[in-house]
1. Which condition number in (1) under 19 Å from the mean Cα position of the chain (by Cα); (2) farther than 30 Å from ASP133 by Cα; (3) surrounded by fewer than 20 Cβ atoms within 10 Å (Cβ to Cβ) is the one that GLU67 fails?
2. Just to be sure, is ALA45 assigned by TED's automatic domain parsing to the domain that holds ALA165 and within 16 Å of the ligand (Cβ to nearest atom)?
3. List the helices (runs of 4 or more DSSP H) inside the range 12-108, counting only whole elements, that have at least 3 residues being closer than 30 Å to THR352 by Cα.
4. Pick from the range 168-184 the residues that are among the aliphatic types (A, V, I, L, M) and away from the ligand (no atom under 16 Å from the Cβ): which of them is farthest from the chain's Cα centre (by Cα)?
5. Tell me whether the range 313-320 contains one or more residues that are at pLDDT 95 or above and more than 18 Å from ILE372 (Cα to Cα).
6. Take THR132 and decide whether it is crowded, with 23+ Cβ neighbours inside 10 Å and not in a helix (DSSP H, G or I).
7. Pick from ALA87, ALA93: which is more than 16 Å from the ligand (Cβ to nearest atom) and either of a type in the set (Gly, Ala, Ser) or not assigned by TED's automatic domain parsing to the domain that holds ASN198 (or both)?
8. Is one or more of the residues making up the range 172-190 among the basic types (Lys, Arg), buried (at least 23 other Cβ atoms within 10 Å of the Cβ) and assigned by TED's automatic domain parsing to the domain that holds PRO14?
Amino acid sequence: MGIGTDVIHGGQHPEERTGAVSVPIFQTSTYKQDAIGKHRGYEYARTQNPTREAWERCVCKLEGGTEAVAFSSGLGTTSAILKNLRAGDHVVAGDNMYGGTYRLFETIYRPLGLDFSYVDSTDPAKLRDAMTDRTKMVFIETPTNPMMNVTDIAAAAEIARAKGAFLVVDNTFLTPYFQKPLSLGAHAVMHSATKYLNGHADVVGGIVVTNDQSFAERIRYVQNAEGAVPGPMDCFLALRGVKTLAVRMPRHESNAKKIVELLVSHPKVEKVYYPGLEDHPGYAVARKQCTGFGGMVSFTLSDFGAVQAFATRTKIFTLAESLGGIESLLCHPASMTHASVPKEKRDAMGLTDSLLRLSVGIEDPEDLVEDIRQALSR
Ligand SMILES: Cc1ncc(COP(=O)(O)O)c(C=O)c1O
């Protein structure tokens, strides 16, 4: 089946008793048991919930895994993934990731005894050099938030596997519509489902998909033992949102390309970061491993003053955290999503105060282009 069919039908079937075509919201915390020790597969809703199971099965199908486990946020998902490690273990991570991921690593897990090295994972040699005998996990985003750096997933998988380490890819930016990390050798792929998977800016959620049996068992255990589960209503909304993924993603991308066209030719724009540009350093790798470049675009203006003025002038692009919804958003990463990353580190990777990030929505492209044009020209 194609992904346009799988997003709608994957892991779902009409409900047995009534034939309801949409998976119902099983808004219950517990289930009647028929006798002591005799239940119908459902005991308590932290452990099992049919709406959550349908959401998990659907994303599992999309990413081509054997097991998907849902959590109440993207960071909750990353945290559960790290629970597979022990004090003393070493993680090699990309040097540009969502700021909250960096904060989680540094302020929660480092004090608990995990060790992290951050490398430019776009260079396989640097990734290889960072591996030690204690490295148990490689964690990358590609393309990265917000610098749009592209890592060769197959190369990263080979490097991780050679050391017996586990490769996790954050696929939030491209989704399985454009990129399938498991098929390129990753052990697990995770999402902030808050973003494109749900796609409507009305749910916070996360999910991880794997085809590694022992990891699947462990992460399912963590889901129940720690309990950071998404509620049934959120699972229903995410399941409804993902049904249009195959319609939304090409539109996000074609709109983004039109914005990029304007930005690269505009005299006030200094640099544009979009992996679909032929002079982007990750272009060749992106073409090899993705079927598209997505709807996220970053760019710089001359200075913070210009950025501040731009952010007050857009009429459709809304200044807000988050990304991946149908509506276009504008973000200033240095003060918003990546404020928890130290300034020297931000500046070193190009994440300066003059950088803006656009999450290009699916509105009419002419209106979006005009919005950016007028905000730049005033
Ligand atoms: C790439 C990426 N990964 C993970 C997260 C964390 O997800 P959540 O906000 O759902 O916890 C985000 C949030 O912006 C993100 O952009």
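1. The single condition GLU67 does not satisfy is (2).
2. Answer is no for this residue.
3. The qualifying helices (runs of 4 or more DSSP H) are 74-82, 99-103.
4. That would be LEU184.
5. No - not one qualifying residue is present in the range 313-320.
6. It is false that THR132 is crowded, with 23+ Cβ neighbours inside 10 Å and not in a helix (DSSP H, G or I).
7. ALA87
8. yes
The values are calculated or read from the model by the stated rules, or taken from the named source; none is laboratory data. Bear in mind the structure is a predicted one, so any value in this text is a computation, not a measurement. Positions of Cβ are generated from backbone atoms using ideal geometry, with glycine treated the same way; all protein chains shown enter the neighbour counts.
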